Amino acid sequence: MKTADLAQVLAQVKSSLRDLQQQGIEGFNCRPEFLRIVGRWTETPSCLAGDAAGQKAEGESLKEIKDDLGNCFRCPLHKGRSKIVFGEGSPKARLVFVGEGPGYEEDRSGRPFVGPAGQLLDKIIAAMKLDRSEVYICNIVKCRPPGNRNPAEDEIEACLPFLKRQIASIAPEVICTLGSVAAKTLLGTQSPISILRGRFHQWMGIKLMPTFHPAYLLRNPERKREVWEDVKKIMAFLRIPL
Ligand code: SF4
């Protein structure tokens, strides 16, 4: 390895360790899944480099991405869907919410988070002193998994490039993942949501805050306090006064 290359690697390691320190992590975690995450920090984001389903990259609009998605048949989820739920909100949102996949009402309407969980998300957004039209709301997969099961690996793999392109197009300051599937997918980890939530992570150079899914909160209202703590951290980062 050339001296210049070595210096670049060391600079990246130093920057990564500083990032960890800022997140309150004092020791270096050498578990394989953690090293995989650290390894990605120096990759060129596939959303910028282009990938299997995402040939276009920088500068494309959400409409262009939607047009490219078309009447998608790229994974088996197309068989049971009524409507593709592409996502909605401001194309210049500072904050993007990413859920897991559409449910019954979303599949019928073609809009994300419109059922009871969506109504709770609306309340969370309002508590953040934001309007739904100011944020962007989308999911890991855009078609409803049958019986609301978790999306399978191949379904996520087929759909994720479009989400990456949407986020690259919006370029938000913060991503808030809702629930376990979204957090684990984007962070490439198997750690439970209860461990991941409560602090910022990095994803493709963007701050990412995992929190509980509103549907989980409907079943476990005692966890709302933790979501409020997560939300307050996002507000502080976005400089929204309490
Ligand atoms: S879930 Fe995504 S990849 Fe699968 S059919 Fe729907 S839009 Fe296409």
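Values in this text are rule-based calculations from the coordinates and carry no lab data. All figures in this text were calculated on a predicted structure; none of them were measured in a lab. All Cβ positions, even for glycine, are placed from backbone atoms using ideal geometry, and neighbour counts span all protein chains on display.
Within the bounds of segment 196-207, is there any residue that is of a type outside the set (D, E, K, R), in a strand (DSSP E or B) and over 29 Å from residue 67 (Cβ atoms)? Yes - at least one qualifying residue is present in segment 196-207. Scanning segment 174-223 for residues that are among the β-branched types (Val, Ile, Thr) and farther than 21 Å from residue 91 by Cβ yields 181, 185, 189, 193, 195, 211.
Conditions tested, residue by residue: (1) surrounded by 19 or more Cβ atoms within 10 Å (Cβ to Cβ); (2) touching a Cys at 6+ places or on another chain (Cβ under 8 Å); (3) not in a loop (DSSP other than H, G, I, E, B).
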residue	(1), (2), (3)
72	no, yes, no
91	no, no, no
107	yes, yes, yes
113	yes, no, no
118	yes, no, yes
122	no, no, yes
141	yes, yes, no
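In summary, residue 210 fulfils each of the numbered conditions (1) in a loop (DSSP other than H, G, I, E, B); (2) farther than 22 Å from residue 73 by Cα with the single exception of condition (1). Within segment 197-214, is even one residue hydroxyl-bearing (Ser, Thr, Tyr) and surrounded by fewer than 20 Cβ atoms within 10 Å (Cβ to Cβ)? Checking segment 197-214: not a single residue is hydroxyl-bearing (Ser, Thr, Tyr) and surrounded by fewer than 20 Cβ atoms within 10 Å (Cβ to Cβ).
Screening residue 65 against (1) surrounded by 17 or more Cβ atoms within 10 Å (Cβ to Cβ); (2) touching a Leu at 6+ places or on another chain (Cβ under 8 Å) leaves a single unmet condition, (2).
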